[in-house]
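Scroll down for the structure; my scribbles are underneath it.
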Amino acid sequence: MSLTILTAYDERPDGTGDLVYRAGGTDLQERLRTTGATPHVLDLTGVPGFAAVERSDAGTTLGAGVTVATVARDLAADYPALALTAAGLATPQVRATATIGGNLLQRTRCWYFRHPHMSCFKSGGDGCPARDGRHLYGVAFDTAPCVHPHPSSLAMALLTYAATVDTTHRDGLGVGDVLGDGSDPSRDHLLADDEVLTRVTLPPPAAGERAAYFRSISRFEAEWPLVEAVVRVVRDDAGTVTTCGVAIGGVAPVPLRLGAVEKLLTGSTLDDDTIAAGAHLATEGASPLPETGYKVQLVEATVLEVLERVRS
């Protein structure tokens, strides 16, 4: 895929600028509407290969413009953890338009950032009004200056596959390399201003993989998760877990892969005691804000739910 035509990108911290890139545009159009900005919009949808799905012995490559709906439909057999996560997002209309690249690089959903008359780290200010203000939907793992969780569910699922990302400047980046750790509160991701995400690569499918995804929300559907979790496992003929990936979202500055939980589950048969211990271990290191203590209990309950589902 060639994106060499894209050589300049001047986006200011508030999301406006001389030039902005557009793929699905499900978030960009809303941000432009609320800010009243009128930048030049460069549409990427016609770039060759931007929405391609390519399979080979080395794995599966998804163009950054592949829609969330395509991920949910076409990858269900080979990458069920990613497909189930994609199927749980938003509404059918949004999934049909939103892209995997846009989901990874979307801006924070914090209501202070999105208020046209408020200032915060991510809009060019020097503070986080949510920390001392209302943060009911904020982090339960307070590890960075900005206290609103990263919104990318697909990034959470991609962590469990150790997927890599290519851009116009670099190849083979991990999801963590793209999103960072939140220590720079002015950034939602670490790509350079003139750098465009071009593709996501998944490893070869694992035979016999089972997966489960669950989001704890405040209404039936089309809601941002309070806590979400995804698990993928491969078991041998005796039912012993040989490969395991577990991650959570909605609770930290970036999605979290739970290495300690994975270690506990690997080699087990997912018996009741191990599942309960894994769910409890998922809360290790939690440091909730005054209004987000409830999320710690939700983390344990949500991880317990996906572990029980993947066992059944």
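The values are calculated or read from the model by the stated rules, or taken from the named source; none is laboratory data. All values derive from a computational prediction rather than experimental measurement. Positions of Cβ are generated from backbone atoms using ideal geometry, with glycine treated the same way; all protein chains shown enter the neighbour counts. What goes into the accessible areas is simple: the full protein's heavy atoms, side chains included, and nothing from ligands, DNA or RNA. Shrake-Rupley method; radii C 1.70, N 1.55, O 1.52, S 1.80 Å.
Some points to look at:
- For the stretch 229-312, with all protein chains in place and a probe radius of 1.4 Å, 51% of the accessible heavy-atom surface sits on carbon or sulfur.
- Segment residue 236-residue 136, extension gain: residue separation times 0.36 nm, minus the distance between their alpha carbons: 31.8 nm
- Around the Cα centre of the stretch 228-312, unit charges on the Cβ atoms of Lys, Arg, Asp and Glu (plus for the first two, minus for the last two) sum to a dipole of about 260 debye.
- Computed from the C-alpha gyration tensor, the three semi-axes of the ellipsoid equivalent to the chain are 31, 25, 15 Å, from longest to shortest.
- Of all accessible heavy-atom area on the stretch 60-101, the percent that carbon and sulfur account for (1.4 Å): 59
- Residue 45 versus residue 193: modelled label distance in nm, points set 7 Å from Cα along the beta carbon direction: 2.8
- Cα gyration tensor, the stretch 141-211 - rounded (a/c under 1.5), prolate or oblate: oblate
- The stretch 160-312: C-alpha gyration tensor shape, a/c 1.5 cut-off, then a/b vs b/c: oblate
- Average accessible surface area per residue within the chain, 1.4 Å rolling probe, Å²: 44
- Shape call, the stretch 235-293: gyration tensor on alpha carbons, a/c limit 1.5: prolate
- Positive dipole terminus of the chain, leading residue within 60, 145, 214 (C-beta point charges): 214
- Among complete DSSP H helices in the chain, those whose alpha-carbon atoms stretch at least 15 Å along the helix's long axis and whose mean Kyte-Doolittle hydropathy reaches 0.0 are 293-311.
- The listed peptides 299-307, 71-79, ordered by packing as a protection proxy, come out as 299-307, 71-79 (highest mean of other Cβ atoms within 10 Å first).
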